[in-house]
Amino acid sequence: MNQRWRLVRVPGPALAATDFELVDEAVRPAGDGEVRLRSIYLSLDPYQRHWLGGAPGYGAPPRPGDTPIGRAISEVLESRDPRFAAGDVVLGETGWQSQPTVAGERLTRLDPTQGPLSTYVGVLGSPGLTAWVGMLDLCKPRVGDVVLVSAAGGAVGSVAGQLAAMQGARVIGVAGAPDKCARIVRDFGFAACLSHRAPDFVAQLAHTCPDGIDAYFDNTGGAVTAAAWERLRHGARIALCGLVAEYGRPDVPGPPLRHLLAHRASVTAFSVREHLARMNEYRQQASAWIREGRLRYAEHVVQGIEQTPAAFLALLSGATFGKCLVQIGAAPRVRAP
């Protein structure tokens, strides 16, 4: 059977586990050009909340009965696409399900020699590429710069901050719980990390960045971004990666634009989907950094497809650390393609 999560209703601002329902369905055999899969790791990411809110750019808007979108690492069980064979390990946007049958053109075969399979949806996948493009191409940190990274304990923010530090910048993170902030400093080498939940967060930010911020990697929007923009220095660069604090909440106001004008700052919004052609280049570089101990990563792995909505809600609330994954099936013995 294929276990599949489907939407009971299109969620409102207050997302709940009851918005989803787990159903058992007969596995569909592969047709011409299709591949039948066994899911291993399902990636949970903030962009999925954006899709649930009806945001453009992610295909058709959500409807009751739909499978929530999501990238997964899977093993090929049956293939009627000549590009794939049983036993191959692949990556694709196959959604929240255990044994999907999909078009082969939607899949990418993975090289398991570059790192653990789970990293292909984390530090060696789209989150890592997002951090690489946003930090190095857009924030452009230099020696001595002060760089602020929101959602610093997540899969994107943790990598982005380390990349800035490699360039000689002083990196300040923003996260939720104080113990999470302590781990970000200890595990990822940030100079400091502030809790946005602290009543005096704005004052702490001013104290930690007394001369202002040269670059800001924005994963959150909302109150953190409003506070960050007040600290911008002349010519500051902002990479707008995500607005997780605002997804599903159209009532959240953005920061005033006068800070950009006053400091001649620039904001560049981007999507990793526009840079996927650079994935191999990024993976080669990141793999070397990991082997050298210069790039570290963390994973929050939840066992069992039945835990998916709870894990997703934990991710959105900031209760996870590092890359959030659901392990649906056992990792196979893999061979290099």
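The values are calculated or read from the model by the stated rules, or taken from the named source; none is laboratory data. Nothing here was measured: the structure is a model prediction, and the numbers come from that model. Here the Cβ is made from the backbone with ideal geometry for all residues, glycine too, and neighbour counts use every protein chain on show. For the accessible areas, the whole protein counts, side chains as well, though only heavy atoms, and no ligand, DNA or RNA atoms are used. Shrake-Rupley method; radii C 1.70, N 1.55, O 1.52, S 1.80 Å.
Quick check: the angle from helix 155-166's long axis to the longest principal axis of the chain, C-alpha only, nearest 10 degrees? Here the helix axis deviates by roughly 50 degrees.
Round to a whole number: what % of the accessible area of the chain belongs to carbon and sulfur, probe 1.4 Å?
Numbers: 7560 of 14570 Å².
After summing per-atom areas, the C and S share lands at 52 percent.
If I model the stretch 1-41 as equal point scatterers sitting on the Cα atoms and use the Debye formula, what is log10 I(q)/I(0) at q = 0.23, 0.28, 0.32 Å⁻¹? Calculated log10 I(q)/I(0) at the listed q: -0.84, -0.97, -1.08. Rounded to the nearest 500, the helix-only mean residue ellipticity at 222 nm of the chain stands at -7000 deg cm²/dmol, with each DSSP H run of n ≥ 4 adding -39,500 (n - 2.57).
Across the stretch 23-37, computed HN-Hα scalar couplings (Karplus, 6.51 cos²θ - 1.76 cosθ + 1.60, θ = phi - 60°) run 10, 9, 9, 5, 5, 8, x, 6, x, 4, x, 10, 9, 9, 10 Hz from first to last residue, x flagging Gly and Pro.
For Glu299, the amide hydrogen comes within under 5 Å of the amide hydrogens of Lys323, counting only partners 5 or more places away or on other chains and with H modelled in the peptide plane. From the Kirkwood radius over Cα pairs of the stretch 197-266, Stokes-Einstein at 10 °C and 1.306 mPa s returns a whole-number translational diffusion coefficient of 127 µm²/s.
For the chain, how big is the tail of P(r) above 37 Å, as a whole percent of Cα pairs? List each step's numbers first, then the result.
Values: 10129 of 56616 pairs.
So the portion of pairs separated by more than 37 Å is 18 percent.
Each residue, Ala60 and Asp251, gets one label point 7 Å from its Cα in the Cβ direction; the gap between the two is 3.2 nm.
Where the centroid of each part is defined by its Cα atoms, how far is the stretch 191-243 from the stretch 63-135 in Å? Answer, in whole Å: 34.
For the stretch 129-275, the spread of Cα coordinates along the three principal axes comes to 36, 34, 32 Å, biggest extent given first. Dividing the alpha-carbon radius of gyration of the stretch 287-337 by the rule-of-thumb value 2.2 N^0.38 Å gives 1.45.
With charges set only on the Cβ (+1 for Lys and Arg, -1 for Asp and Glu), what does the dipole of the stretch 250-337 come to about its Cα centre, in debye to the nearest 20? Could the numbers behind the result be given before it?
On the way: 11 positive and 6 negative charges, 85 e Å.
Using Cβ point charges on Lys, Arg, Asp and Glu, the stretch 250-337 gives about 400 debye.
Protection proxy ranking of 159-169, 185-195, by the mean of other Cβ atoms within 10 Å over each peptide's residues and highest first, is 159-169, 185-195.
Rounded to two decimals, the Cα-based Rg/Rh of the stretch 217-337, with Kirkwood Rh, is 1.05. Each 5 Å bin from 0 upward holds the following percent of the Cα-Cα pairs of the stretch 131-193: 4, 23, 35, 24, 11, 3, 0.
For the stretch 1-75, the dipole from Cβ point charges (+1 on Lys and Arg, -1 on Asp and Glu) about the Cα centre works out to 120 debye, to the nearest 20. For the stretch 178-309, the residue among Ala182, Gln284, Ala262 whose Cα projects farthest onto the positive side of the dipole built from Cβ charges is Gln284. Here the stretch 264-285 is scanned for amide nitrogen atoms under 18 Å from the site 7 Å beyond the Cα of Asp111 along Cα-to-Cβ, giving 276-285.
Using the alpha-carbon atoms, what tilt in degrees (0 to 90, nearest 10) does helix 308-317 show relative to the longest principal axis of the chain? The angle comes out at about 10 degrees. Annotation: cysteines of the chain without a disulfide-compatible partner (Cβ-Cβ under 4.7 angstrom) are Cys139, Cys209, Cys241, Cys324. Remark: C-alpha extents of the stretch 38-142 on the principal axes read 49, 40, 20 Å, sorted largest to smallest.
Annotation: amide H-H contacts under 5 Å for Phe20 (H modelled 1.01 Å from N, sequence separation of 5 or more, or interchain): Val8. Helix 279-292 and the long axis of the chain differ in direction by around 70°, with both axes built from C-alpha atoms.
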